[in-house]
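Written below as structure tokens is the structure these notes are about.
Values quoted throughout were computed directly from the atomic coordinates according to the rules given, and no laboratory measurement underlies them. This one's a predicted model, so the numbers in the text were calculated from it and none came from an experiment. For neighbour counting, all protein chains shown are included, and Cβ atoms are generated from backbone atoms with ideal geometry for every residue, glycine included.
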Amino acid sequence: MATLEIKDLRAHVETKEGIKEILKGVNLTVHSGETHAIMGPNGSGKSTLAYTLAGHPKYIVDGGQVLLDGVDILNQTPDERAKEGLFLAMQYPVEVPGVSMTNFLRTAKTEVDGKAPSIRTWTKELTEAMKRLKMDPKFATRSVNEGFSGGEKKRAEVLQLELLKPKFAILDETDSGLDVDALRIVSEGVNRAKEANQFGILMVTHYTRILKYIKPDIVHVFADGHFVKTGGPELADELEENGYDQYLPEGSDSESALA
Amino acid sequence: MADNKEINIPVADPNDPYAVPAAMPSSADRAPRSFDVAAFPTPEKKQDEWRYTPLERIEEFFDVFEPSGETEVTVSMIDGSEPVDGVRVRRVPMGEAPSGTVSKPNDRVSAVEWNSAREAVVVELKGEIAQPVLVKVHGNGMDLDALHLVVSAADKTHADVVVEHDGSARLAEGVEIVTGTDSHVSFTSIQEWDKDAKHVGNHRIHLGAGASLRHSVVTLGGDAVRIRMDQDFGGEQGELNMLGIYFVDPGEHIEHRTMVVHNHPDCKSRVVYKGALDGKGAHSTWVGNALIEPTAPGTDSYELNRNLVLTPGAIADSEPNLEIENGNIIGAGHASSVGRFDDEELFYLESRGIPETEARKLVVRGFFGELVEEIGIPAISEHLMNVIDRRLARGESDAMAQVLEDK
């Protein structure tokens, strides 16, 4: 049983216009086996939260704590956080030319586990996981994410989720850019991985459609850099109905209405 | 395709000198070629071909010297066995054929090498030679030395030659490569010098008609390494593939200059050089010259240089030069780039548990691996990947040592 506690997390980003505060005191506790949906209007800071947790150097932490089983991970490098059991499935997975998927996955697995996986079980595990995600075997020999379609990239993220077996998975807009079939395959992959490893999920999403496939236990509304409302799955239905307008600060543009 | 093989060199009308096209002297025509050191001025920064070179670090190569003879040269098959039939190794006095038969020295340092070396090591190749031939060049110290090597492949020969340099040395090296009609040869020169080594090299290459040559240069270390390669064709349908890989550490100067000359119809050339630079004062130079003479219709040429700057403070000079004197060609392209190791790529790999140093290594291995795969000669590709892995592992053990020291 693992716990991820986010306490009064504040962070900013440096832009051409100067310092921009994005996270303004985020508080959240997630336990193993729980699925939290983090919903909110565009520009509210949901993705920033995801990247700040993973340790992206662009986001500078101003205060607060992120405790993974009591250990503050905020001063750890991204690879150390991954070894602690954090996994971020990215909205836009990065292409790494020249590095083959196989080589990348084996290196990551070795680092995360602290030892090289046995060749035979590893190859079997990889092949079967790819088959379940309906990925063409030739992906293994191609460069990481290079020339993959949007859907293929998301499948590759879920493949890593299944193989690396984290304690907590942050899914950043994993549903974006997926057609219905791909959404189903990807969601099934997430559910399967969760079933097997009982990790906690922080699912950042703008739309409710992925929630039909990955059922949240708890739904949060994130607006203007912090959580403004928490409820059960029914909160998602309410958001579907009414949009995010009521959560936007006075006088701001209603981006969600446009989206 | 350019079907028209008619060679028609336009000549300027003295009464109307601006009528085009007119025969223009190309830079190669103007550049001296001579065995005489005095034919070349002492290198200075203001001379175009020396503008990127830290002259003060190689000035000992500007005047004829007494070679120490400390550099060991051994020739075997790549598995260490004795040379097979079809491989003849001998030493000849400088100037005795086949030494001195492939063009002439083309700059001060190559003329100095020619006049300083005592003898030439000649490797003659004939027939189908299944296993690569290995020429090991081992430096035994910092006394100035000169080495002249001739690789000569007979008509219709299929052979691969690997020259490996290691140890500590200050070496002036001249290499002549001549391949016969319809031969298919690969020549690979690997520089795995110690940190203090200096190496000034000059390759002069002549390809037979209908021949193909895969020429690879892999430079993974040395304080100052400068290798210039000049090539021409001996007839139609020649195919030249030049590949280069370099890895530059802080404070090192690694320079490669290729000069491809298309002087016969329907020949093809490809020059692809890739380098990774790491740290402050790491300096690489690539200058790729391609000259398409009026006598070379149907030429297909392309050159490319890519540099990957891993950490700030490194400098990569990249300069492609094309001189095209014949309009009836298939292509003459070039591309050049200097790019930084992408922060997003780094973050992606790190977020999967891969530490920064390991991530950089993975990317560098991939960056070079793409190129090595293209060689298409398994024995050579594997050998090169081993050399690159050895180089990358060296970085790791350093980093690991540091980690251990920190604790």
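Selection among A:L23, A:S118, A:P78 by position relative to the dipole of the stretch A:2-158 gives A:S118 as farthest towards the positive end (Cβ unit charges, Cα centre). The relative contact order of chain A comes to 27 percent, based on Cα pairs under 8 Å that sit 6 or more residues apart.
Only beta bridges with both residues in chain A are counted; by DSSP, about 60 percent of them are antiparallel. Annotation: for a label point projected 7 angstrom from Cα along Cα→Cβ of B:E44, residues of the stretch B:72-109 with backbone N closer than 18 Å are B:107-109. Note on chain B: with charges restricted to the Cβ of Lys and Arg (+1) and Asp and Glu (-1), its dipole about the Cα centre is near 100 debye. Using a cutoff of 8 angstrom between alpha carbon atoms and counting only pairs six or more residues apart, the relative contact order for chain B works out to 10 percent. Using a Förster distance of 41 angstrom, determine the FRET efficiency expected from the C-beta separation of A:E5 and B:R394, and round it to 0.05. Efficiency for this residue pair is about 0.45. An ellipsoid equivalent to the stretch A:129-259, defined through the eigenvalues of its Cα gyration tensor, has semi-axes of 30, 17, 13 Å when rounded to whole angstrom and sorted largest first. Projecting the Cα atoms of A:V219, A:G150, B:V137 onto the charge dipole of the protein assembly as shown, computed from C-beta unit charges around the Cα centre, puts A:V219 farthest toward the positive end.
Taking a point 7 angstrom from the Cα of B:M142 along the C-beta vector, which residues in the stretch B:202-224 have backbone N less than 14 Å away? Only B:223-224 fall inside the zone, counting backbone N under 14 Å. Counting only Cβ charges, +1 for Lys and Arg and -1 for Asp and Glu, the dipole size of the stretch A:3-249 around its Cα centre is about 960 debye. Simple point charges give the picture: +1 on the Cβ of Lys and Arg, -1 on the Cβ of Asp and Glu, and for the protein assembly as shown a dipole about the Cα centre of about 1280 debye.
Note on A:E17/A:T230: beta-carbon distance plugged into 1/(1 + (r/R0)^6) with R0 of 35 Å gives a FRET efficiency of 0.60. With all distinct Cα pairs included, what does the Kirkwood hydrodynamic radius of the stretch A:1-61 come out to in Å, to one decimal, could you say? Result for the stretch A:1-61 stands at 12.6 Å.
Students often get this wrong, so check it: of A:K46/A:K154; A:K124/A:K165; A:K7/A:K167; A:K165/A:K229, which have C-alpha atoms separated by over 21 Å? Cα-Cα > 21 Å for A:K165/A:K229; rest within. Separation of the alpha carbons by more than 30 angstrom is noted, of A:K138/B:K126; A:K115/A:K215; A:K16/B:K274; A:K115/B:K280; A:K109/A:K215; A:K115/B:K198, for A:K138/B:K126; A:K115/A:K215; A:K16/B:K274; A:K115/B:K280; A:K115/B:K198.
A full extension of the chain between B:T357 and B:A31 corresponds to an added length of 112.9 nm, given 0.36 nm per residue minus the alpha carbon distance. For the stretch A:163-221, taking Cα atoms only, Rg and Dmax work out to 11.0, 30 Å respectively.
Largest first, the three principal axis extents of the alpha carbons in the stretch B:69-158 are 37, 30, 19 Å in whole numbers. If you plug the beta carbon distance of B:L55 and B:A335 into 1/(1 + (r/R0)^6) with R0 = 35 Å, you get a FRET efficiency near 0.75. Helix B:356-373 and the longest principal axis of the C-alpha atoms of chain B enclose an angle of approximately 30°. Projected over every direction and averaged, the convex hull enclosing the alpha-carbon atoms of the stretch A:3-249 yields 13.3 nm².
For B:S301, the residues whose modelled amide H falls within less than 5 Å of its own, excluding neighbours fewer than 5 places apart on the same chain, are B:S269, B:G331, B:A332, B:G333. Residue separation of A:D113 and A:I60 scaled by 0.36 nm, minus their Cα-Cα distance, works out to 16.2 nm of gained length. Close amide H contacts of A:H226 (hydrogens built in the peptide plane, cut-off under 5 Å, sequence separation of 5 or more or a different chain): A:K24. Using the average count of surrounding beta-carbon atoms within 10 Å as a protection proxy, the listed peptides A:18-30, B:361-373 rank, highest first, as B:361-373, A:18-30.
For A:Y213 and A:N191, the difference between the fully extended length at 0.36 nm per residue and the C-alpha to C-alpha distance is 7.1 nm. Against chain B, whose longest principal axis comes from its Cα atoms, helix B:378-406 is set at around 40 degrees. Projecting the Cα atoms of B:Q231, B:F62, B:I190 onto the dipole axis of chain B, where Lys and Arg carry +1 and Asp and Glu carry -1 at the beta carbon, places B:F62 farthest toward the positive end. Three principal axis extents of the protein assembly as shown based on alpha-carbon atoms, in descending order, are 91, 64, 45 Å. Global size of chain B: 21.5, 82 Å for Rg and Dmax (C-alpha atoms, Rg to one decimal, Dmax whole).
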